[in-house]
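Visitor: Got a structure here, written out as structure tokens. Questions coming.
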Amino acid sequence: MPEVKLIVHGGAWNIPEKHQQDHIDGCRKAAELIYPELNKGMNAVDAVEAAVRLLEEDATFDAGRGAFLNAAGEIELDAIICDGSTLNFGAMAAIHNILHPVSAARLLLNHPEHCFLAGEGAQRFLRDIDFPEVKIEELLTNRELEYYQQIKVDPDFRTKQPFQSHRGGTVGAVALDKTGNLAAATSTGGTPRKLPGRIGDSPVIGSGTYADNQSGAVSATGYGESILKVVLAKQVCDLFLQTSAMEAARKGIEILQTRVNGWGGVIGINKYGEYAFHHNTECMAFARHVPGRGIIAQISHRND
């Protein structure tokens with residue numbers, strides 16, 4: 001019986017020092033609450049959903065509560081969950097008024113026809129089954145409203161800038177359960193002042209998230225447009241078959257940087273239960289359970 005593993009992230013950005021402890025605490029909380037359940041027998045899919053739900057509730061991050069506003073002053077959310085045992089996934093993109101997009105995505109994980117819904121169609125699907133909605137006030141923080149007011153009329157602002165100068169980030173989780181199954185999930189509010197309807201890497205299978213018991217599972221974070229171009233999560237999973245977990249993560253980020261000048265980070269677990277994490281942004285927030293040491297939560301810096 002394999003030893004269970006859990007790793008979560010709270011984004012790869014240039015996280016200012018004043019926000020770093022919040023990121024560490026949020027990641028630690030998710031890992032501390034979910035790892036014991038995983039160790040008791042929770043399956044990997046349930047574990048990553050539960051961990052991401054906790055991160056979506058935390059206004060520190062750009063997912064669920066605390067997400068960025070788009071160019072129209074709205075909050076649009078994306079999420080995905082992947083099952084490494086079946087290669088099934090469920091994804092939702094550009095949905096509104098949802099505190100837990102990862103649970104909305106979970107509804108499609110074993111859907112008989114569809115695995116990815118977006119925009120108004122996704123919203124209609126959720127309303128037809130009475131999935132819980134919240135008012136935008138439940139998701140919007142004063143911090144993001146103030147930031148939106150600063151950037152909404154700035155002609156020089158570009159959505160890539162916060163990866164170099166702002167706080168916050170996409171959230172994700174990867175788990176290996178007692179049966180040897182892997183799963184991954186990712187949730188995001190996307191980039192600030194994005195065009196309505198913009199979809200980044202997070203909910204796109206193989207780019208922001210991937211899980212396959214034959215190789216490993218990965219959740220990515222960073223500038224989605226560049227991550228999409230190199231299909232980063234699948235790239236790292238393929239590299240798991242060629243090298244160590246940590247080296248695969250390093251090589252994946254190297255490809256992101258050299259091929260498309262992209263910014264981002266990854267967390268993952270290979271099929272042998274080895275952790276992977278690497279980033280080329282200034283910082284990345286994550287937490288993992290380490291045998292004999294318990295939960296280790298940290299802000300990793302680029303030159304660590």
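The values are calculated or read from the model by the stated rules, or taken from the named source; none is laboratory data. Small disclaimer: the values here were computed from a predicted structure and weren't measured. Glycine also receives a Cβ, built like all others from the backbone with ideal geometry; neighbour counts cover every protein chain displayed.
Visitor: Would the range 80-87 turn up any residue that is surrounded by 23 or more Cβ atoms within 10 Å (Cβ to Cβ), closer than 18 Å to G119 by Cβ and either of a type outside the set (G, A, S) or touching a strand residue (DSSP E or B) at 6+ places or on another chain (Cβ under 6 Å) (or both)?
Guide: Yes: the range 80-87 contains one or more residues that are surrounded by 23 or more Cβ atoms within 10 Å (Cβ to Cβ), closer than 18 Å to G119 by Cβ and either of a type outside the set (G, A, S) or touching a strand residue (DSSP E or B) at 6+ places or on another chain (Cβ under 6 Å) (or both).
Visitor: Now, a different point. Residue check: is D238 touching a residue at least 12 places away in the same chain (Cβ under 8 Å), among the acidic types (D, E), over 18 Å from A12 (Cβ atoms) and not in a strand (DSSP E or B)?
Guide: Against the criterion (touching a residue at least 12 places away in the same chain (Cβ under 8 Å), among the acidic types (D, E), over 18 Å from A12 (Cβ atoms) and not in a strand (DSSP E or B)), D238 qualifies.
Visitor: Any idea which residue in the range 23-72 is farthest from L140 (Cα to Cα), counting only those that are of a type in the set (D, E, K, R) and over 17 Å from the mean Cα position of the chain (by Cα)?
Guide: Checked the range 23-72; the qualifying residue farthest from L140 (Cα to Cα) is K40.
Visitor: If I ask for residues that are part of a strand (DSSP E or B) and under 14 Å from the mean Cα position of the chain (by Cα), which ones from the range 193-214 would you list?
Guide: Across the range 193-214, the qualifying residues are I205, T209, Y210, A211.
Visitor: Mind listing just one residue for me: the one in the range 267-304 that is in a strand (DSSP E or B) and of a type in the set (G, A, S) and, of those, surrounded by the fewest Cβ atoms within 10 Å (Cβ to Cβ)?
Guide: G294
Visitor: Let me ask something else about it. Give the range 50-100 a look and list any residue that's outside any loop (DSSP other than H, G, I, E, B), in contact (Cβ under 8 Å) with a residue 24 or more places away in the chain and under 20 Å from D25 (Cβ atoms), or say none.
Guide: Taking the range 50-100 and keeping what is outside any loop (DSSP other than H, G, I, E, B), we get 50-57, 77-83, 89-95.
Those still in the list that are in contact (Cβ under 8 Å) with a residue 24 or more places away in the chain too: 51-57, 77-83, 89-95.
Selection gives A51, V52, R53, L54, L55, E56, E57.
Visitor: If you don't mind, another one. Against the conditions (1) touching a His at 6+ places or on another chain (Cβ under 8 Å); (2) among the charged types (D, E, K, R); (3) at pLDDT 95 or above, where does E282 fall short? Just the number, please.
Guide: The one condition E282 does not meet is (3).
Visitor: Looking at L256, L228, L232, which is the one that is of a type outside the set (S, T, Y), closer than 21 Å to V52 by Cβ and touching a strand residue (DSSP E or B) at 6+ places or on another chain (Cβ under 7 Å)? Spell out how you get there, then give the answer.
Guide: Details: L256 fails: closer than 21 Å to V52 by Cβ; L228 fails: touching a strand residue (DSSP E or B) at 6+ places or on another chain (Cβ under 7 Å).
Selected residue: L232, the only one of L256, L228, L232 that is of a type outside the set (S, T, Y), closer than 21 Å to V52 by Cβ and touching a strand residue (DSSP E or B) at 6+ places or on another chain (Cβ under 7 Å).
Visitor: Something else about it: Given the options V102, V52, name the one that is modelled with pLDDT of 95 or more, β-branched (V, I, T) and out of contact with any Lys or Arg (no Cβ under 7 Å at 6 or more places or on another chain).
Guide: Testing whether each residue is modelled with pLDDT of 95 or more, β-branched (V, I, T) and out of contact with any Lys or Arg (no Cβ under 7 Å at 6 or more places or on another chain) leaves just V52.
Visitor: Taking only the range 35-49 into account, find how many residues are in contact with a helix residue (DSSP H, G or I) (Cβ under 9 Å, 6 or more places away or on another chain) and touching a residue at least 60 places away in the same chain (Cβ under 8 Å).
Guide: Of the residues in the range 35-49, 8 are in contact with a helix residue (DSSP H, G or I) (Cβ under 9 Å, 6 or more places away or on another chain) and touching a residue at least 60 places away in the same chain (Cβ under 8 Å).
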